[in-house]
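One structure below.
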Amino acid sequence: MDTLAHLLHLSPATAWIVVKVLLAFGIPMALGPILTWGERRGSAMIQDRIGPNRVALFGKIRIMGLLQPLADGLKFFFKEDLRPAGANKVLFWLAPALAFIPAMLGLAVIPLGRDFVSGGETFHFSLLDPGNGMGMLLPMAVGAMAVYGVLVAAWSSNNKWSILGGMRASAQMVSYEIGLGLAVLAIFMATGGYDPHQIVAEQAKGWFIWRQPLGFFVFFVCMFAEANRLPFDFAEGESEIVSGFHTEYGSMKFGLMGLTEYVHIIGASALIVTLYLGGWRLPMMADQTQLPVLLTFAVFLAKLIAVSFVFIWVRWTLPRFRYDQLMNLGWKKLLPISMANLLVIAYLMKGR
């Protein structure tokens, strides 16, 4: 860290903040386009198709279609940007940012690797340090705020299909958010706090996916609704409401809406890894305080990518639920399961 600070001509603490900001914002911005390619190639593999493979560098180097996200990005830049005549101009422009910013902010407290000591000072591998007092409450709060971006996009578009998508998104959030919160509350009880670093350290005794399987099931299912992914992408519902809340969007605003979905996937995967899959910890190792910091970061990234692929896998395997089926699942299935999980965890902790 001292070497890096010297190269940047900054104090070690300031240099580490710069590194964390670059990682916290660089990872989703880099993984988002890669996931779009992975989704298209993965869905082709699942459905026995070819997938994107035509875009080539200098007309020769194709690399399995890896340049397709670059071509799509350039296309978004040069497409004409249209706005419906009856749309609210300010809110129509603001909505993509209202959807994108909460998706990015949820990653601010996630530990990307183990803490380390350099020059007698402790450096935390998360954008916000544990002393900020928010902990895992921050991604829960900002994740719930993402629905405002969908609602603003829907209302400002002056389109009946968009309005239907926005209304679906708000009702959908109410249905799964309570069960989601109770599942996370069980982890806070078992950990004794909501500091993500403390949650990861607690999993030295065993990952929460094994210690709280019911809570993991509820949280995992709710994350698909949180990210607006199949089988719960009712806010878009192409077969029913054209394209839902972003029906009227095009050009870079549509590109930002699409990128937001993948940032949500990355954020949801990061939460699953941190809360239930041991975070940056390797399995079946008691003392991991001496592991190289870069190795712990690589472990976290590998878990993140693996869980992100599960989101892709499920999308291209399961059909979309009916809207009433989500209501039934959220209120009559997931909520009782999360309450039962909370009571069981509380009972097991009684003797502690």
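The values are calculated or read from the model by the stated rules, or taken from the named source; none is laboratory data. Just so you know, these numbers come straight off a predicted model, no measurement behind them. In this analysis, Cβ positions are derived from the backbone assuming ideal geometry, glycine residues included, and neighbour counts consider all displayed protein chains.
Data overview
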{"read-out": "Evaluation of Tyr176 against (1) buried (at least 20 other Cβ atoms within 10 Å of the Cβ); (2) over 17 Å from Ala268 (Cα atoms); (3) in contact (Cβ under 8 Å) with a residue 12 or more places away in the chain; (4) out of contact with any Ser or Thr (no Cβ under 8 Å at 6 or more places or on another chain) (one fails), failing number", "value": "(2)"}
{"read-out": "Number of the exception - Tyr194 against (1) in a helix (DSSP H, G or I); (2) surrounded by 19 or more Cβ atoms within 10 Å (Cβ to Cβ); (3) out of contact with any Pro (no Cβ under 7 Å at 6 or more places or on another chain)", "value": "(1)"}
{"read-out": "Residue match in the range 72-94 (condition: within 20 Å of the chain's Cα centre (by Cα) and crowded, with 20+ Cβ neighbours inside 10 Å)", "value": "no"}
{"read-out": "Residues being under 19 Å from Val117 (Cβ atoms), free of Cβ contacts under 8 Å to residues at least 12 places away in the same chain and among the hydrophobic types (A, V, I, L, M, F, W, C) - total across the range 262-291", "value": "0"}
{"read-out": "Pairs, first more than 13 Å from Leu35 (Cβ to Cβ) and surrounded by 14 or more Cβ atoms within 10 Å (Cβ to Cβ) in the range 292-320, second among the charged types (D, E, K, R) and modelled with pLDDT under 90, C-beta under 6 Å, six or more apart", "value": "Thr296/Arg114"}
{"read-out": "Members of the range 101-126 that are part of a helix (DSSP H, G or I) and surrounded by fewer than 20 Cβ atoms within 10 Å (Cβ to Cβ)", "value": "Ile101, Met104"}
{"read-out": "Close pairs (7 angstrom Cβ cut-off, 6 or more residues apart or separate chains): closer than 11 Å to Asn158 by Cα in the range 69-94, surrounded by fewer than 15 Cβ atoms within 10 Å (Cβ to Cβ) anywhere", "value": "Arg83/Lys89"}
{"read-out": "Any hit, the range 197-204, residues being in contact with a Ser or Thr (Cβ under 6 Å, 6 or more places away or on another chain), more than 19 Å from Tyr347 (Cα to Cα) and surrounded by 23 or more Cβ atoms within 10 Å (Cβ to Cβ)", "value": "yes"}
{"read-out": "Filter result for Gly267 (of a type outside the set (Asp, Glu), in a loop (DSSP other than H, G, I, E, B), within 20 Å of the chain's Cα centre (by Cα) and closer than 20 Å to Met140 by Cβ)", "value": "no"}
{"read-out": "Subset of the range 137-171 (residues that are surrounded by fewer than 23 Cβ atoms within 10 Å (Cβ to Cβ), in contact (Cβ under 8 Å) with a residue 24 or more places away in the chain and within 21 Å of Ile187 (Cβ to Cβ))", "value": "Leu137, Leu138, Met140, Val142, Ala144"}
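For every residue, the table says whether it meets (1) out of contact with any helix residue (DSSP H, G or I) (no Cβ under 6 Å at 6 or more places or on another chain); (2) part of a helix (DSSP H, G or I); (3) of a type in the set (D, E, K, R).
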position	(1), (2), (3)
Leu128	yes, no, no
Ala153	no, yes, no
Leu164	no, yes, no
Met167	yes, yes, no
Ser175	no, yes, no
Leu180	no, yes, no
Ile209	no, yes, no
